[in-house]
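To keep things clear, I will list the structure first and then write my remarks on it.
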């Protein structure tokens, strides 16, 4: 079958392209934004890319058109041409459910934060245990070479996103996945462009829970009050709770728990081992605990998972070290929500002690652009010594007003921002740690920063 994918360079759609090609289909695709790392993955697979969208973007030989979400609504020339022809089409999430996940034991990782890292951890554990899992992850795990793969294994790990599916299917993507193992990592208000409030998001998660079979398992974060409220609406499957707790708090006798600072793990009160993890931050310890619980459900003992995670190296653009020099270490991170920003910076601060920490942030997500979290932006950066903001286009609030009172600086130009960081580096008496936080393409900014670091 010849499948043409609209929005093919998005993380999800590009991964679908890789999976569909592995099934033997002929794949072509179109997108407005063609940039690494996904474009590199696709070209290595010999998948032809067309850009920008046009009325003739879709080849006449295509048997099925699969649509992404970003920028693919009414008025898009390729969408208008598709609807005019009457050619068969479906959303990316629907394609996954119908053609990829059918007959698989689906391990789905949901939540506002940590989906990519947790899904990558599970995949690594199962790979290390010899289970050869298929997977689709919203990033590229550094233990693997690509964001998705299809195998003969019955197990498939997927990042379960609550964002809506397409312009013609407004339900959350994860409702197409039908997991047997479901992780509920955390739940906060996000995606203000499609959800009116937290209750609207909870409704979608409740529908997800309804799709888990009685023989399945729901793994939930015991420290998240919104998850508690969600589960109280009804659960029809087995449950396992995970908790990261302080040393003085008694370990849970019901679920999987980790005590801090020792990182000792217990299952229903019985010790199973001590976790050593290369990643920083309490949030990553919580992600690891969820991954251990999921792997246990498919037959991997927790003590084995603990050992395997010692060799887990992380995910590209999740506190990825992209450059290390005498004057600075540069990190690339995807954090795009105040909670994620705060926990990421706190984890790095714990690791580096009193060394200079500079945060560079671009509020580029839909929710950020709308200003939904504008009052939380400055407090989220409390662990940074210097904070620099890059103002994206079409910002729906006054960023300068939101952050300038805390001494943060705002730039319209990435080159000017990089120069300001370079000035700070030249004044610093010790190695600084510079973190770029954005969920968009940052090549221009990154290149400029690398030049400033090398000349500091």
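The values are calculated or read from the model by the stated rules, or taken from the named source; none is laboratory data. None of these values were measured; they are calculated from a predicted model. Positions of Cβ are generated from backbone atoms using ideal geometry, with glycine treated the same way; all protein chains shown enter the neighbour counts.
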**Study point:** Criterion: surrounded by fewer than 22 Cβ atoms within 10 Å (Cβ to Cβ) and in contact (Cβ under 8 Å) with a residue 40 or more places away in the chain - qualifying residue of 318, 349, 364, 278
**Key:** 364
Point to revise | Selected residue [in the same structural domain as residue 190 (by TED's automatic domain parsing), over 30 Å from residue 190 (Cα atoms), in contact (Cβ under 8 Å) with a residue 24 or more places away in the chain and within 22 Å of the chain's Cα centre (by Cα)] from 126, 136 | key: 126
Exercise for review: Please work out if residue 207 is in a loop (DSSP other than H, G, I, E, B), surrounded by fewer than 16 Cβ atoms within 10 Å (Cβ to Cβ) and in contact with a strand residue (DSSP E or B) (Cβ under 8 Å, 6 or more places away or on another chain).
Suggested key: no
Practice item. Filter segment 118-152 down to residues that are modelled with pLDDT of 95 or more and surrounded by fewer than 17 Cβ atoms within 10 Å (Cβ to Cβ), then give me how many there are. Key: 4
**Study point:** Subset tally (residues that are at pLDDT below 95, surrounded by fewer than 24 Cβ atoms within 10 Å (Cβ to Cβ) and over 16 Å from residue 7 (Cβ atoms)) for segment 165-180
**Key:** 2
Check your understanding: Which of (1) out of contact with any strand residue (DSSP E or B) (no Cβ under 6 Å at 6 or more places or on another chain); (2) in the same structural domain as residue 281 (by TED's automatic domain parsing) does residue 297 not meet, given it meets every other one?
Key -> (1)
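Among the residues of segment 50-69, write down those that are over 12 Å from residue 30 (Cα atoms) and buried (at least 17 other Cβ atoms within 10 Å of the Cβ). Step through it out loud before you land on a result.
Initial filter on segment 50-69 (over 12 Å from residue 30 (Cα atoms)): 60-64, 69.
Passing the criteria: 62, 64, 69.
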Review point. Counting only residues that are in contact with a helix residue (DSSP H, G or I) (Cβ under 7 Å, 6 or more places away or on another chain) and without any contact (Cβ under 8 Å) to a residue 24 or more places away in the chain, which one in segment 392-438 is surrounded by the most Cβ atoms within 10 Å (Cβ to Cβ)?
Key: 411
Study note, to complete from the structure: residue 12 passes all but one of the listed conditions (1) assigned to a helix (DSSP H, G or I); (2) on the phi > 0 side of the Ramachandran plot; the exception is number (2)
Practice item. Filter segment 37-61 down to residues that are farther than 25 Å from residue 73 by Cβ and free of Cβ contacts under 8 Å to residues at least 60 places away in the same chain and give me whichever is farthest from the chain's Cα centre (by Cα). Key: 61
Practice item. Report yes if some residue within segment 104-122 is in a helix (DSSP H, G or I), out of contact with any helix residue (DSSP H, G or I) (no Cβ under 7 Å at 6 or more places or on another chain) and free of Cβ contacts under 8 Å to residues at least 12 places away in the same chain; otherwise report no. Key: no
Review point. What are the residues in segment 192-204 that are outside any loop (DSSP other than H, G, I, E, B) and under 20 Å from the mean Cα position of the chain (by Cα), if any?
Key: 198, 201, 202, 204
Point to revise | Single condition residue 29 does not satisfy, out of (1) part of a helix (DSSP H, G or I); (2) in contact with a strand residue (DSSP E or B) (Cβ under 9 Å, 6 or more places away or on another chain) | key: (1)
Practice item. Could you please find all residues in segment 219-255 being modelled with pLDDT of 95 or more and in a loop (DSSP other than H, G, I, E, B)? Key: 232, 233, 234, 235, 236, 237
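Let me confirm something: among 88, 36, which residue is out of contact with any strand residue (DSSP E or B) (no Cβ under 7 Å at 6 or more places or on another chain) and at negative phi?
Exactly one residue qualifies, and that residue is 36.
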Check your understanding: Are any residues in segment 362-381 within 17 Å of residue 344 (Cβ to Cβ) and in contact with a helix residue (DSSP H, G or I) (Cβ under 7 Å, 6 or more places away or on another chain), and if so, which ones?
Key -> 363, 373, 376, 377, 378, 380, 381
